[in-house]
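Engineer: Pasting a structure below so you can have a look.
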Amino acid sequence: MGRDAERTSTRRARNGLALVAVALLLSACAAGDPRFTAETPAGFWIGLWHGIISVVTLVIGIFDDSVRVYETHNTGAWYDFGFLFGVIAIWGGSSHQAGCRRRRSRDAGR
């Protein structure tokens, strides 16, 4: 039992360090980057990336005022489209759950 507890402890520590490293890496790519200005705004691909990491940056932004979820210097509709597409692609929409619920209720009636 001692070795199993040791392995579990080591695995948890390794997973915790990996989680912190990923959070730091993602926050480095968060909105509010000084490279984006009115002259060089963020476009579709940056909007897509910011949408993908939006939940992570939201959590980090609660504790760090310099991290923003949304880039204010953007191209407009294309950045918005990329941002929304990234959020929906990663976090999904309600349609998936509705379809699963319908299938479960249909299968239960058989």
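The values are calculated or read from the model by the stated rules, or taken from the named source; none is laboratory data. Just so it is clear, the model here is predicted, and its values are computed rather than measured. Using ideal geometry, Cβ is built from the backbone for each residue, glycine included, and neighbour counts are taken over all protein chains shown.
Engineer: Please go through region 73-99 and give me each residue that is exposed (fewer than 12 other Cβ atoms within 10 Å of the Cβ), over 16 Å from the mean Cα position of the chain (by Cα) and either part of a loop (DSSP other than H, G, I, E, B) or modelled with pLDDT under 90 (or both), ordered by number.
Structural biologist: Gly76, Ser94, Ser95, His96, Gln97, Ala98, Gly99
Engineer: Of the residues in region 15-65, how many are at pLDDT 85 or above and assigned to a helix (DSSP H, G or I)?
Structural biologist: Matching residues across region 15-65 total 19.
Engineer: Quick one: Ile60 ticks every box in (1) over 12 Å from the mean Cα position of the chain (by Cα); (2) surrounded by 18 or more Cβ atoms within 10 Å (Cβ to Cβ) bar one, so which box is it?
Structural biologist: Tallying (1) over 12 Å from the mean Cα position of the chain (by Cα); (2) surrounded by 18 or more Cβ atoms within 10 Å (Cβ to Cβ), Ile60 fails exactly one: (1).
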